[in-house]
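Here the structure is laid out as structure tokens; the discussion comes afterwards.
Derivation of every value follows stated rules applied to the coordinates shown; laboratory data play no part. Quantities reported herein were computed from a predicted structural model and do not represent experimental measurements. FYI the Cβ positions are ideal-geometry reconstructions off the backbone, even for glycines, and counts take in every protein chain you see.
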Amino acid sequence: MTEDATTLETADIAAIMKALPHRYPFLMVDREPQFQGHFPGEPVVPGVLLIEGMAQTAGVLCVMSREAKARPKRVYFITIDKAKFRKPVGPGDTVEYHMTKINRRKTMWWFRGEAKVHGDIVAEAEVGAMLVDA
């Protein structure tokens with residue numbers, strides 16, 4: 001993927017782990033089951049984890065858009081705006097993150113994200129990321 005590219009359909013777990021410092025159980029953008037949810041009798045994936053998944057997906061897009069030799073050491077989640085939770089997500093649901101770059105200024109990037117289950121939007125937000133070489 002290059003900076004001019006607009007889509008990253010999928011990335012394997014090795015590429016994701018190379019791009020992000022996150023590790024299990026806090027790596028939210030892979031195919032591994034996370035946990036059984038919360039609320040006894042009605043398990044629901046916490047909305048904050050859906051937002052974290054969006055932020056991690058945005059981070060992967062930022063890192064993978066740079067040339068391998070120019071990739072940053074870290075990506076920090078810096079903003080969240082307009083977060084909305086549309087439908088509950090339960091254990092076993094597969095969440096797809098659809099991120100669209102809306103702005104970039106130097107090392108800061110902003111994305112609009114949608115989390116989808118079976119094509120239905122379950123959450124949405126605008127998130128910001130900052131690339132750091134330190």
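Table for the structure above
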{"quantity": "³J(HN,Hα) computed for each position of segment 69-84 - Karplus, 6.51 cos²θ - 1.76 cosθ + 1.60, integer Hz, glycine/proline x", "calculated": "6, 10, 6, x, 6, 9, 10, 10, 7, 10, 9, 9, 9, 6, 6, 9"}
{"quantity": "Reach of residue 101 by Cα under 19 Å, taken over lysines that are not fewer than 8 positions away in the same chain", "calculated": "82, 84, 116"}
{"quantity": "Estimated distance in nm for a label pair at residue 44 and residue 103, the labels positioned 7 Å out from Cα along Cα-to-Cβ", "calculated": "3.1"}
{"quantity": "Residue-span extension gain [residue 87 to residue 118] - 0.36 nm each, minus C-alpha spacing", "calculated": "10.0 nm"}
